[in-house]
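Undergrad: The structure that follows is given in the form of structure tokens.
The values are calculated or read from the model by the stated rules, or taken from the named source; none is laboratory data. The structure displayed is predicted, hence computed values, not measured ones. Note: ideal-geometry Cβ built from the backbone for every residue, glycine included; neighbour counts use all protein chains shown.
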Amino acid sequence: MTADLRERARELRARIEEANYRYYVLDEPTITDAEYDALMRELRELEEAHPELRTPDSPTQRVGAPPAKEFAPFPHRRPMLSLANAFSSDELRSFDERIRKALGEPYAYVCEPKIDGLAIALEYRDGLFVRGGTRGDGHTGEDVTANLRTIKAIPLRLRTPEAIAVPTELEVRGEVYLRKSDFEALNREREKAGLPSFANPRNAAAGGVRQLDPRATAERRLSFFAYQLASDVEGIRTQWDALRLLRELGFPVTPIARRCTSIEEAIAYCEERERLRDELDYEIDGVVIKVDALAHQERLGTVAREPRWAIAFKFKPREARTRLLDIVINVGRTGTLNPNAVLEPVQIGGVTVKSATLHNMAYIRNNDIRIGDVVIVTRAGDVIPRVVGPIVEERTGKERIFEMPDRCPVCGSEVDWPPGEALARCPNADCPAQVVERLRHYASRDAMDIEGLGAVLAEQLVTQGVVRSIADLYTLDELALARVPRLGPKSIANLLRAIAASKQRGLARLLYGLGIRHVGAQTAQILADRFGSMDALAAASPDDLQACEGIGPEIAESVALFFRQPANRTLIERLRAAGVVMTAPRRAAAGGPLSGKTFVLTGTLPSLTREEAAELIRSAGGSVASSVSKKTDYVVVGDAPGSKLEKARALGIPLLDEAGLRRLLDRR
DNA sequence: CCGCCTCGAGTTCT
DNA sequence: CTCGAGGCGG
């Protein structure tokens, strides 16, 4: 991979230098400017993503200084201020209190969504766009006029409004941003091209505006909203008027701004926008509340580079920046080596996140994640944190590229990682990490449901040497368990009772608990129904197995392999000797009220757990699937539903709430 | 052989 | 919940 990139970088440099030579020295250009720019762009991006590929003689270094220096300075006539932040409605109320005291007369607010993009100033002369720049430090930004010209949402010539005389010199401020849909498309394209994807739309937009080649900016499909008139215009006395004028001049202006006459109304607006934030095709991270009348704004003035007449209400963040302290390897129950991010603890959406999966090496490479990076972590949509990517600008050069170790970090076995496979594996079935994970899985709720035996106890039992095989569970006694630290007599008694009770779970859950590759809860149920007993299953040939609906060659071979292994044979005999039930109860007679119907559950139901609801459906003859498709008959929707609801709507599948499900169940 | 459908596996915090 | 991959129908 890295070798390929290195080779590509070398090739790009050679072609660029050849082109330079022919153009500057021989005066015989051989490629078009566009082709040349494309080569430069690819090389620059490659080197940005992989600074270790950068060489002192690279054509990208010919221009010398870092990109920030390559734009002309853009001094702001009026400083571009930053806003004070509020994180609660109480902070908004004290903001309002200060305004009320200072003004001593009635006033109104204008509330606008705070677009998560890049603030920009645009200068027009005689109605024509002349110059535009970034915010920079508030006093001086960067002149990015050429790039801004490529943004179609920015008018190059203003329209003539009715009844308002537009001054010769006009400055307009607003936000350049990237639509979520354009962001996703951009990342898909970059992935296809082997380039690292952007962490979020804002980074992609900010990067887009600061491209040295305006054509690269154009490719980003950037959008724009205007939100401030930074020049005095006759007849414009309020922010509300200013927004209307901006619209008449031909700028895109948010359609969801609202004028409020009290802070409570503004707070209600903030809450509403936070609730609806996902319905927009662009990211907003809060609401900006401004005192409406420009005369009031003037009286309130500015302190410490923040206007006293405006405040930003910030939504609960869904993403945060934090440092990736380390990448460690977790060994899964099937022996997979899963890279895990150790994060400097950070608050996201109300919880402290300090760890997140990195899935596999491909994920780490595709997103160019390195140890020591400042990374963006999200919890979008679901609960599970996700490391989206690094903030490349924060790199110090001390970041380390993570490599998969050659040996299992737990047992030291040589790692098995066949070329083309996504996951590396520890091949040692006796690896303590695998034993712990298998034990935990065996005891888990959907398998043998041994209450009290979770991750912590599983770990202790194995490290104390009390349990080395699942079968050892059934020979445990008080004496052996007394060796486990912090396990009192009461816990011991409860645990022994739970272990004894697990013997009655039946064949399907036992099969699932054994953790045979490719055999999950569903397949275990199919096998149990079809073969009825462990002995019948153990005697089945791969052909017998493949005769089952849903069992193909892969699963058949995996099951047969499991029963061929002597260690597994022994395990089963020991379980049998301990009295673990190895037969399946006769299948319930078909023909309930829901027979033949397929259900999918999403969200939290008011009075049933998901498992209880699934059990009710199955006992009435219906089946429960995990994803929505054309074959789904009903989707049962609870509180805080996930993406399945979207899919169901798209496919026009009937939706039920819990009450609706109960009505179906009661119909006989 | 391709595309759809379904299942398996891993996953965070309180 | 999401991704990847096995199973299966067209």
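Undergrad: Filter the stretch A:458-476 down to residues that are small (Gly, Ala, Ser) and part of a helix (DSSP H, G or I) and give me whichever is surrounded by the most Cβ atoms within 10 Å (Cβ to Cβ). Even if it seems obvious, please write down each step before you answer.
TA: Here is the first cut: in the stretch A:458-476, the residues small (Gly, Ala, Ser) are A:458, A:465, A:469, A:471.
From what's left, part of a helix (DSSP H, G or I): A:458, A:471.
Details: A:Ala458: 22, A:Ala471: 18.
Ranking the candidates gives A:Ala458 first.
Undergrad: How many residues does the stretch A:540-571 hold that are within 18 Å of A:Asn428 (Cα to Cα), among the small types (Gly, Ala, Ser) and either in a loop (DSSP other than H, G, I, E, B) or within 15 Å of DNA strand B (Cβ to nearest atom) (or both)?
TA: Number satisfying all stated conditions: 1.
Undergrad: Would you check if there is a residue in the stretch A:602-613 being over 27 Å from the mean Cα position of the chain (by Cα) and assigned to a helix (DSSP H, G or I)? Working first, answer last.
TA: So in the stretch A:602-613, the residues over 27 Å from the mean Cα position of the chain (by Cα) come out as A:606-608, A:612-613.
With assigned to a helix (DSSP H, G or I) added as a condition, the list becomes A:612-613.
The answer is yes, given that some residue of the stretch A:602-613 is over 27 Å from the mean Cα position of the chain (by Cα) and assigned to a helix (DSSP H, G or I).
Undergrad: Determine whether the stretch A:508-531 contains at least one residue that is more than 14 Å from DNA strand B (Cβ to nearest atom), acidic (Asp, Glu) and surrounded by fewer than 19 Cβ atoms within 10 Å (Cβ to Cβ).
TA: Looking through the stretch A:508-531, none of the residues is more than 14 Å from DNA strand B (Cβ to nearest atom), acidic (Asp, Glu) and surrounded by fewer than 19 Cβ atoms within 10 Å (Cβ to Cβ).
Undergrad: Within the stretch A:342-367, restricting attention to residues that are assigned to a loop (DSSP other than H, G, I, E, B) and within 16 Å of DNA strand C (Cβ to nearest atom), which residue is farthest from the chain's Cα centre (by Cα)?
TA: That would be A:Asn360.
Undergrad: Exactly one condition in (1) at pLDDT below 85; (2) within 21 Å of the chain's Cα centre (by Cα); (3) exposed (fewer than 15 other Cβ atoms within 10 Å of the Cβ) is false for A:Ala429; which is it?
TA: So the condition that A:Ala429 fails would be (2).
Undergrad: Could we say that A:Val600 is within 12 Å of DNA strand B (Cβ to nearest atom) and surrounded by 20 or more Cβ atoms within 10 Å (Cβ to Cβ) here? Steps first, please.
TA: Values: within 12 Å of DNA strand B (Cβ to nearest atom): yes; surrounded by 20 or more Cβ atoms within 10 Å (Cβ to Cβ): yes.
The answer is yes for A:Val600.
Undergrad: Hey, another quick one. A:Ala577 versus (1) closer than 20 Å to A:Ala447 by Cα; (2) within 16 Å of DNA strand B (Cβ to nearest atom); (3) hydrophobic (A, V, I, L, M, F, W, C): which is the lone unmet condition?
TA: Of the numbered conditions (1) closer than 20 Å to A:Ala447 by Cα; (2) within 16 Å of DNA strand B (Cβ to nearest atom); (3) hydrophobic (A, V, I, L, M, F, W, C), the odd one out for A:Ala577 is (2).
Undergrad: Within the stretch A:516-524, is there a residue that is within 40 Å of the chain's Cα centre (by Cα), more than 12 Å from DNA strand C (Cβ to nearest atom) and more than 26 Å from A:Lys630 (Cα to Cα)?
TA: Yes; the residues of the stretch A:516-524 include at least one that is within 40 Å of the chain's Cα centre (by Cα), more than 12 Å from DNA strand C (Cβ to nearest atom) and more than 26 Å from A:Lys630 (Cα to Cα).
Undergrad: Taking the criterion of being outside any loop (DSSP other than H, G, I, E, B) and either within 24 Å of A:Met534 (Cα to Cα) or modelled with pLDDT of 90 or more (or both), would at least one residue in the stretch A:477-489 satisfy it?
TA: no
Undergrad: Which is within 13 Å of DNA strand B (Cβ to nearest atom), at pLDDT 85 or above and touching a Cys at 6+ places or on another chain (Cβ under 6 Å), of A:Val346, A:Val331? If you could, list the steps in order and put the result at the bottom.
TA: Details: A:Val346 fails: touching a Cys at 6+ places or on another chain (Cβ under 6 Å).
The match here is A:Val331.
Undergrad: Taking the stretch A:641-655 on its own, how many of its residues are away from DNA strand C (no atom under 11 Å from the Cβ), free of Cβ contacts under 8 Å to residues at least 24 places away in the same chain and either under 13 Å from A:Gly603 (Cβ atoms) or touching a Phe, Trp or Tyr at 6+ places or on another chain (Cβ under 8 Å) (or both)?
TA: 2
Yes/no matrix, rows are residues, columns are (1) closer than 28 Å to A:Gly350 by Cβ; (2) among the basic types (Lys, Arg); (3) in contact with a strand residue (DSSP E or B) (Cβ under 7 Å, 6 or more places away or on another chain):
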| site | (1), (2), (3) |
| --- | --- |
| A:Ala86 | yes, no, yes |
| A:Gly104 | no, no, no |
| A:Val110 | no, no, yes |
| A:Pro113 | yes, no, yes |
| A:Asp116 | yes, no, yes |
| A:Ile120 | no, no, yes |
| A:Phe129 | no, no, yes |
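Undergrad: Exactly one of (1) touching a residue at least 40 places away in the same chain (Cβ under 8 Å); (2) over 21 Å from A:Asn187 (Cα atoms); (3) buried (at least 19 other Cβ atoms within 10 Å of the Cβ); (4) of a type outside the set (Val, Ile, Thr) is unmet by A:Ala356. Its number?
TA: Among (1) touching a residue at least 40 places away in the same chain (Cβ under 8 Å); (2) over 21 Å from A:Asn187 (Cα atoms); (3) buried (at least 19 other Cβ atoms within 10 Å of the Cβ); (4) of a type outside the set (Val, Ile, Thr), A:Ala356 violates only (1).
Undergrad: I need every pair where a residue in the stretch A:416-438 that is assigned to a loop (DSSP other than H, G, I, E, B) has its Cβ under 7 Å from the Cβ of a residue that is within 15 Å of DNA strand C (Cβ to nearest atom) and hydroxyl-bearing (Ser, Thr, Tyr), sequence separation at least 6 or different chains.
TA: So the pair list comes out as A:Leu423/A:Thr336.
Undergrad: Name every residue in the stretch A:228-254 that is closer than 25 Å to A:Ile151 by Cα and either β-branched (Val, Ile, Thr) or within 28 Å of the chain's Cα centre (by Cα) (or both), in order of residue number.
TA: A:Val253, A:Thr254
Undergrad: (1) assigned to a strand (DSSP E or B); (2) within 26 Å of A:Ala501 (Cα to Cα): which one isn't true of A:Val635, the others all being true?
TA: (2)
Undergrad: Going through the stretch A:108-163 one residue at a time, which ones are under 22 Å from A:Pro201 (Cα atoms) and β-branched (Val, Ile, Thr)?
TA: Across the stretch A:108-163, the qualifying residues are A:Ile115, A:Ile120, A:Thr134, A:Val144, A:Thr145, A:Thr150, A:Ile151, A:Ile154.
Undergrad: Right, here's the next one. Out of curiosity, is A:Val374 more than 14 Å from DNA strand C (Cβ to nearest atom), β-branched (Val, Ile, Thr) and either farther than 29 Å from A:Phe315 by Cβ or modelled with pLDDT of 90 or more (or both)?
TA: Yes: the conditions hold for A:Val374.
Undergrad: In this structure, is A:Met404 surrounded by 19 or more Cβ atoms within 10 Å (Cβ to Cβ) and assigned to a loop (DSSP other than H, G, I, E, B)?
TA: Details: surrounded by 19 or more Cβ atoms within 10 Å (Cβ to Cβ): no; assigned to a loop (DSSP other than H, G, I, E, B): yes.
Criteria not met by A:Met404.
Undergrad: Of all the strands (runs of 3 or more DSSP E) wholly in the stretch A:111-167, which have at least 2 residues that are buried (at least 17 other Cβ atoms within 10 Å of the Cβ) and not small (Gly, Ala, Ser)?
TA: Of the strands (runs of 3 or more DSSP E) lying wholly inside the stretch A:111-167, those with at least 2 residues that are buried (at least 17 other Cβ atoms within 10 Å of the Cβ) and not small (Gly, Ala, Ser) span A:118-125, A:128-134.
Undergrad: Let me ask you something else. Considering only residues that are touching a residue at least 60 places away in the same chain (Cβ under 8 Å) and among the acidic types (Asp, Glu), which ones fall in the stretch A:150-199?
TA: If the condition is that a residue be touching a residue at least 60 places away in the same chain (Cβ under 8 Å) and among the acidic types (Asp, Glu), then A:Glu162, A:Glu169, A:Glu171, A:Glu175, A:Glu191 are the ones that fit.
Residue-wise test of (1) under 30 Å from A:Thr475 (Cα atoms); (2) away from DNA strand C (no atom under 16 Å from the Cβ); (3) small (Gly, Ala, Ser).
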| position | (1), (2), (3) |
| --- | --- |
| A:Arg564 | yes, yes, no |
| A:Ala578 | yes, yes, yes |
| A:Ser595 | no, yes, yes |
| A:Thr604 | no, no, no |
| A:Ala614 | no, no, yes |
| A:Ser629 | no, no, yes |
| A:Tyr634 | no, no, no |
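Undergrad: What are the residue pairs meeting all of these: first residue in the stretch A:616-640, first residue more than 13 Å from A:Leu594 (Cα to Cα) and in contact (Cβ under 8 Å) with a residue 12 or more places away in the chain, second residue small (Gly, Ala, Ser) and buried (at least 20 other Cβ atoms within 10 Å of the Cβ), Cβ atoms under 6 Å, and 6 or more apart or on different chains?
TA: Every condition considered, the pairs that remain are A:Val628/A:Ala648; A:Val635/A:Ala648.
Undergrad: Based on this model, can you work out whether A:Thr302 counts as under 19 Å from A:Glu97 (Cα atoms) and in contact with a Lys or Arg (Cβ under 8 Å, 6 or more places away or on another chain)?
TA: Here the answer is yes, as A:Thr302 does meet what is asked.
Undergrad: Is it the case that A:Arg323 is on the phi < 0 side of the Ramachandran plot and away from DNA strand C (no atom under 14 Å from the Cβ)?
TA: So A:Arg323 fits the description; yes.
Undergrad: Among A:Met534, A:Met448, which is the only one that is at pLDDT 90 or above, within 20 Å of A:Leu571 (Cβ to Cβ) and touching a strand residue (DSSP E or B) at 6+ places or on another chain (Cβ under 9 Å)?
TA: The match here is A:Met534.
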